[in-house]
Amino acid sequence: MLELNTERLRIICLDLANFKSYIHEHGNFERNIVVQVKAESLPDELKKVFGSACEQAMTDSSNYAWYTVWQIISKTDNCAIGGICFKGSPNINGEVEIGYGTEPAHKNKGYMTEAVQAIIQWAMKQDGVLHVIAETDKFNIASHKVLEKNEMRIYKETDSSLWWRYNIA
């Protein structure tokens, strides 16, 4: 599996077999990657979202990294503290969208800022990528701070969302 490392984190890009295990056998997945088991199964809403992404990854298996979960592991605690993903391969404008989430016990410690920085750096090196974008709830101040610290800027606003962009080119 592809792995990015930062000062405090291991960010593991799940291959197809581990992605399926993450969705359907979460506890076994965590045991297989040798981290503390936090949950035996994912909530149903996440199973649905990631199940759809897994189908796309299987259809476009040579580009699975754009569809799979990148599991964020604390080096200190050896436990999963969150996840980050792309929402598909680069579009015709060279954009890749990221989404992310942090386990409640690990929020406000700078982990997601560190993970987003690493994933942007990885994306910068990939063919066809000119911009990394993200959508946030208009009132999700914590997520705004993560993106601001990673030099992303607002480029579009709707009634409920802000759209952020990091320009690679």
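Here are some notes:
- Put simply, the Cα atoms of segment 27-169 extend 40, 36, 29 Å along their principal axes, the longest span coming first.
- Inverse of mean 1/r across different Cα pairs in segment 125-169, Kirkwood, Å: 10.9
- Point-charge dipole on Cβ atoms (K/R +1, D/E -1) for the chain, about Cα centre, debye to 20: 360
- Candidate aspartates and glutamates - alpha carbon under 18 Å from residue 156, same-chain residues fewer than 8 apart omitted: 95, 97, 135, 137, 148
- Ellipticity estimate at 222 nm from DSSP helix runs (n ≥ 4, -39,500 (n - 2.57)) divided over the chain, nearest 500: -10000 deg cm²/dmol
- Accessible area of the chain belonging to carbon and sulfur atoms, whole % at 1.4 Å probe: 47
- Residues within the reach of a label modelled at residue 31 (point 7 angstrom out along Cα to beta-carbon, backbone nitrogen below 20 Å), restricted to segment 71-92, are 78-81.
- Solvent-accessible heavy-atom area per residue, rounded to whole Å², over the chain at 1.4 Å: 53
- For the chain, the membrane-span-like helices by this rule, meaning whole DSSP H stretches whose C-alpha atoms cover at least 15 Å of axis and whose Kyte-Doolittle mean is -0.5 or above, are 44-59, 111-124; this says nothing about an actual membrane.
- In nm, spacing of pseudo-spin labels at residue 153 and residue 61 (7 Å Cα→C-beta vector): 4.3
The values are calculated or read from the model by the stated rules, or taken from the named source; none is laboratory data. Fair warning: this is a prediction, and the values are worked out from it, not measured in the lab. Using ideal geometry, Cβ is built from the backbone for each residue, glycine included, and neighbour counts are taken over all protein chains shown. What goes into the accessible areas is simple: the full protein's heavy atoms, side chains included, and nothing from ligands, DNA or RNA. Shrake-Rupley method; radii C 1.70, N 1.55, O 1.52, S 1.80 Å.
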